[in-house]
Amino acid sequence: MKKTLALILAACMSLSLVACGGGNSSTPNNGSQAGTSQPASSQPSTGGDTSAKTVGISMPTKSLERWNRDGAYLDEQFKAAGYNTIVTYSDNKNEQQVNDIQNMLSQGVDLLIIAAIDGNGLNTVMNDAGAAGIPVIAYDRLIMNDNSSYYVSFDNYTVGKLQGEYVRDALQLDSAAGPFNMEFTAGDPADNNAGYFFNGAMDVMKPYIDSGKVIVKSGQTAFDQVATDQWQTDVALDRAQNVLASYYSDGSQLDAWLCSNDSTSLGVTQAITQDYAGSNSVVITGQDGDEANLRNIKDGTQSMTVYKAVANEAVVTLDLAKAILNGDTIDASLISASGWSFDCAYDTDSYETTPGNKCPSFLLVPDVVTADNMEEKLVTPGYYTVGDDGYLKATNG
């Protein structure tokens, strides 16, 4: 049925719209986050040649530093390539994102790039896009609708795996006697990526938990027990304070707290700084490379962050969009033809928009950033600069 739809759309629009489906290899990935409350503009931004095709870019919110960078990079890349753009930020409100996308469709966009607030909450507009023959790139977060043409993200399972491996190595779990106490904070249940992050980390830690080398005193080891609504810092802070008061006020030592991203890590770090009775340094993970968290890493209150180069993600999205709009055949050859200087895998097996329906994906590789390699990983490539105060500042977003 999907192949028939694709043929009809191709005949009507001279556009090869490849809907989700296929079979290949690779490991899953996901992107993260929403954040603290701050008004998010939803005003369109246009530029480039007025005769060019128009690309609609829908971002979740301006309240998280990460999405400001994504939106800015995408907007710049597409304008520089001669496309008109409409860029919206939906204030972490699914209804607003639906309205924003509906407005883009009514303005006649040729392609949509959507970082979903709720991967299950866009069915109406996704079906409208499919009926209109408008291809959709699910950006960073998978949209659970078969009208998602392609998925561009990072290997999100590996994000969590890297966090778990960092904790394992920092605590020397394979050689130290233990036991060690640790806790978990995961992401937003509405974000498809959050489960991949958590599962990647838990797959590393579970053998140590099962053997008793690692003890989770709260007993909260299931995703729904440790999830954080909209990745909000204050929600993570409240839960961390409750866990510390309930399980560590007796003087028990807390050795590590695995946080899925930087906005939740900020809340956990604040709770530990204010409310933890112990004197040891607690290993704390994160993800995204937010400026406040990089400051904490430099100061020693956060241990690491998993960085995802969103500038590279924008490059992949642009080249994929060009290929879609040109009607090119899209497969792994896009990677070699584009000549990207960074690692990316073409995966047609790991992600499903509905059961059995695979979504072709382009997955970039995340990287671990610590105080020791911060300048090498972030400053040398040009993602950040060192400010007068010695702390890193993002070059965009």
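The values are calculated or read from the model by the stated rules, or taken from the named source; none is laboratory data. As the structure is a prediction and not an experimental result, all values here were calculated from the model. Note: ideal-geometry Cβ built from the backbone for every residue, glycine included; neighbour counts use all protein chains shown.
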- prompt: Which residue, of I284, I215, is surrounded by fewer than 21 Cβ atoms within 10 Å (Cβ to Cβ) and in contact (Cβ under 8 Å) with a residue 24 or more places away in the chain?
  reply: I215
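Does the range 203-214 contain at least one residue that is at positive phi and over 27 Å from the mean Cα position of the chain (by Cα)? Write out each step before concluding.
Restricting attention to the range 203-214, the residues satisfying the condition of being at positive phi are 212.
Imposing the further condition that a residue be over 27 Å from the mean Cα position of the chain (by Cα) reduces the set to 212.
The answer is yes; a qualifying residue exists.
Looking at the range 167-192 only, could you name the residues that are hydroxyl-bearing (S, T, Y) and free of Cβ contacts under 8 Å to residues at least 24 places away in the same chain?
Filtering the range 167-192 down to residues hydroxyl-bearing (S, T, Y) leaves 175, 185.
The one that is hydroxyl-bearing (S, T, Y) and free of Cβ contacts under 8 Å to residues at least 24 places away in the same chain: S175.
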- prompt: When you scan the range 222-253, how many residues do you find that are farther than 25 Å from S279 by Cα and of a type in the set (G, A, S)?
  reply: 2
Count of the range 343-380 residues which are of a type in the set (G, A, S) and surrounded by 18 or more Cβ atoms within 10 Å (Cβ to Cβ): 3
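Residue-by-condition table, conditions (1) at pLDDT 95 or above; (2) surrounded by 21 or more Cβ atoms within 10 Å (Cβ to Cβ):
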{"position": "N296", "(1), (2)": "yes, yes"}
{"position": "G300", "(1), (2)": "yes, no"}
{"position": "A321", "(1), (2)": "yes, yes"}
{"position": "A332", "(1), (2)": "yes, no"}
{"position": "S341", "(1), (2)": "no, no"}
- request: Starting from residues that are of a type in the set (F, W, Y) and closer than 25 Å to A116 by Cα, keep the ones in the range 218-250 and report whichever is surrounded by the fewest Cβ atoms within 10 Å (Cβ to Cβ).
  value: F223
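Residues checked against (1) out of contact with any Gly (no Cβ under 6 Å at 6 or more places or on another chain); (2) outside any loop (DSSP other than H, G, I, E, B):
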| residue | (1), (2) |
| --- | --- |
| Q163 | yes, yes |
| V167 | yes, yes |
| A177 | yes, no |
| N181 | yes, yes |
| A194 | no, yes |
| F197 | no, yes |
| A201 | no, yes |
| M205 | no, yes |
| I209 | yes, yes |
The range 381-397 - residue that is of a type outside the set (A, V, I, L, M), in contact with a strand residue (DSSP E or B) (Cβ under 9 Å, 6 or more places away or on another chain) and within 18 Å of M304 (Cα to Cα) and, of those, surrounded by the most Cβ atoms within 10 Å (Cβ to Cβ): Y384
field: Matching residues, the range 132-170, being of a type in the set (G, A, S) and under 18 Å from Q102 (Cα atoms)
entry: A132, G133, A138, S148, S149
- prompt: Residues that are closer than 20 Å to A194 by Cα and either in contact with a His (Cβ under 6 Å, 6 or more places away or on another chain) or modelled with pLDDT of 95 or more (or both): which strands (runs of 3 or more DSSP E) entirely in the range 20-124 hold 1 or more of them?
  reply: 54-59, 111-114
field: Test for I209: is it surrounded by 21 or more Cβ atoms within 10 Å (Cβ to Cβ) and modelled with pLDDT of 95 or more
entry: no
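Among the candidates D290, D328, which residue alone is out of contact with any strand residue (DSSP E or B) (no Cβ under 7 Å at 6 or more places or on another chain) and crowded, with 21+ Cβ neighbours inside 10 Å?
Step by step, each of D290, D328 is checked, and only D290 is out of contact with any strand residue (DSSP E or B) (no Cβ under 7 Å at 6 or more places or on another chain) and crowded, with 21+ Cβ neighbours inside 10 Å.
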message: If I ask for residues that are closer than 29 Å to A309 by Cα and surrounded by 15 or more Cβ atoms within 10 Å (Cβ to Cβ), which ones from the range 159-180 would you list?
response: V159, G160, K161, L162, Q163, G164, E165, Y166, V167, R168, A170, L171
query: Of all the helices (runs of 4 or more DSSP H) wholly in the range 251-360, which have at least 3 residues that are farther than 29 Å from D118 by Cα?
result: 262-275, 291-299, 333-338
